[in-house]
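The values are calculated or read from the model by the stated rules, or taken from the named source; none is laboratory data. Remember, predicted model here, so these are calculated numbers, not experimental data. Ideal geometry is used to build each Cβ from the backbone, glycine not excepted, and the neighbour counts take in all protein chains shown.
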Amino acid sequence: MESKEKTVIEDKRPLVSVVLPAFNEEAIIERNLNVLSEYIKTLEDEYRWEFFIINDGSSDATGDLADAYAKDKDNVFVLHHMFNFRLGQALRTAFFNCRGDYIIVMDIDLSYSPDHIGRLMAKIRESRAKIVIASPYAKEGEVSNVPWHRKKLSIWANRFLCFAATKDWFSDKLTNITGMVRAYDGEFLRRLNLTGMDVDIQPEIIFKAKILRAKIVEIPAHLNWISEKSKDKKVKKRRSSIRILSSIMQNLLAGFILRPFMFFILPGFVVFLLSLYPIIWSVIHTIHEYKNLAGAEADYYFRLTAAVGAAFRSSPQAFIVGGITLMVAIQLISLGLLALQQKRYFDELFFLGSTIYKDPRMPKKRGSL
């Protein structure tokens with residue numbers, strides 16, 4: 001009887017799906033999977049576990065090694081992509097198939113040490129958040145052994161995206177929107193209709209979660225590109241899988257998606273302010289010329305026209321520059337207002353669609369998005 005009661009209690013432990021995207025990781029995958037498994041054993045009193053390894057079209061033995069590791073384990077699953085579809089598709093494949101009450105995404109190279117899993121799980125259960133992000137840029141976070149240019153790019157990209165994602169109605173202050181290592185509420189994540197194919201899936205998740213007013217929090221993390229397990233001479237040095245130019249463009253695009261109107265309205269106001277100087281100069285000189293013609297025997301319209309003509313002859317560039325910049329400013333601000341309107345339409349439609357999807361009368365598919 002005691003054994004049966006114990007089994008019932010254990011069955012009530014939440015199921016946690018650990019997602020591990022992998023591309024050409026044959027040098028480290030077997031070792032790091034063992035490291036993760038050993039750490040997970042320390043948490044088995046609190047959680048049930050399943051591993052999803054996504055072999056994203058690797059050209060080396062990554063897939064074979066993952067299959068060998070999972071062969072005698074009923075909670076380890078390996079999913080293979082025929083081609084390298086990049087990070088976004090790898091994550092969507094995993095999200096579609098995993099069953100966990102919670103989902104943890106980790107980097108297979110263990111640039112974030114395994115203990116982040118326990119801290120992420122503790123935070124998501126304590127805070128009841130929908131997403132918990134491991135952020136090396138949060139207070140008490142740390143970054144080690146990352147090339148200077150990659151570190152600066154990541155910091156400024158996240159500052160830009162965090163600014164773009166800021167909402168007056170949303171109080172959470174984030175420092176890391178591009179980071180992959182996160183904990184998710186499984187049911188919530190599976191309801192998001194994600195389309196990102198590469199690293200752009202990270203800000204997309206945050207963007208859509210914010211539309212749904214989901215709670216998002218961070219924990220301080222340590223990002224270390226040279227882990228203790230990769231110091232073996234047989235293991236190749238870690239190289240960035242993100243192309244710099246591609247990363248910049250994708251971050252800009254993600255910022256545009258998060259807040260498109262700021263790409264138009266802010267530059268529009270800057271151009272408008274620049275247009276004020278030549279416009280004010282033209283007005284002042286027109287008034288001055290009008291006063292000079294005040295004593296002439298002519299009607300009001302003629303004097304004003306003559307005053308404008310005299311002011312134009314004295315400085316035609318002021319009229320031209322002022323007029324052009326003013327028109328550009330009006331166009332940019334108008335585009336910004338249209339983009340704001342379109343974004344609000346999208347927010348409302350996405351919110352409505354997600355609400356309908358949550359309707360208990362709707363048929364549910366295991367792991368569906």
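Restricting attention to the stretch 96-136, and to residues there that are of a type in the set (Asp, Glu) and part of a loop (DSSP other than H, G, I, E, B), which single residue is nearest to ARG48 (Cα to Cα)?
Within the stretch 96-136, the first condition is being of a type in the set (Asp, Glu), and the residues that meet it are 101, 107, 109, 115, 126.
When the remaining residues are screened for being part of a loop (DSSP other than H, G, I, E, B), the result is 101, 107, 109.
On the way: ASP101: 10, ASP107: 20, ASP109: 23 Å.
Among residues in the stretch 96-136 that are of a type in the set (Asp, Glu) and part of a loop (DSSP other than H, G, I, E, B), the one nearest to ARG48 (Cα to Cα) is ASP101.
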Legend entry - the stretch 96-111: number of residues that are at pLDDT below 95 and more than 18 Å from GLU46 (Cβ to Cβ): 8
Legend entry - Enumerated helices (runs of 4 or more DSSP H) restricted to the stretch 199-304, each holding at least 1 residues that are out of contact with any strand residue (DSSP E or B) (no Cβ under 6 Å at 6 or more places or on another chain) and modelled with pLDDT under 60: 244-258
Legend entry - Pairs with Cβ under 6 Å, 6+ apart, first in the stretch 39-53 and assigned by TED's automatic domain parsing to the domain that holds GLY100, second surrounded by 13 or more Cβ atoms within 10 Å (Cβ to Cβ) and of a type in the set (Val, Ile, Thr): TYR47/VAL16; TRP49/VAL16; TRP49/ILE40; PHE51/VAL18; PHE51/VAL76; PHE52/VAL19; ILE53/VAL78
Inset, instruction - Return only the number of the condition from (1) out of contact with any Lys or Arg (no Cβ under 6 Å at 6 or more places or on another chain); (2) surrounded by fewer than 21 Cβ atoms within 10 Å (Cβ to Cβ) that TYR47 does not satisfy. - result: (1)
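Considering only the stretch 1-31, state which residues are among the polar types (S, T, N, Q) and at pLDDT 95 or above. So that I can check it myself, show each step before the final result.
Applying the first criterion (among the polar types (S, T, N, Q)) to the stretch 1-31 yields 3, 7, 17, 24.
If the condition is that a residue be among the polar types (S, T, N, Q) and at pLDDT 95 or above, then SER17 is the only one that fits.
Can you confirm whether the stretch 67-87 contains a residue that is touching a residue at least 60 places away in the same chain (Cβ under 8 Å), of a type in the set (Val, Ile, Thr) and crowded, with 17+ Cβ neighbours inside 10 Å?
Taking the stretch 67-87 as the starting set, the residues that turn out to be touching a residue at least 60 places away in the same chain (Cβ under 8 Å) are 84-87.
Subset that is of a type in the set (Val, Ile, Thr): none.
No, because not a single residue in the stretch 67-87 is touching a residue at least 60 places away in the same chain (Cβ under 8 Å), of a type in the set (Val, Ile, Thr) and crowded, with 17+ Cβ neighbours inside 10 Å.
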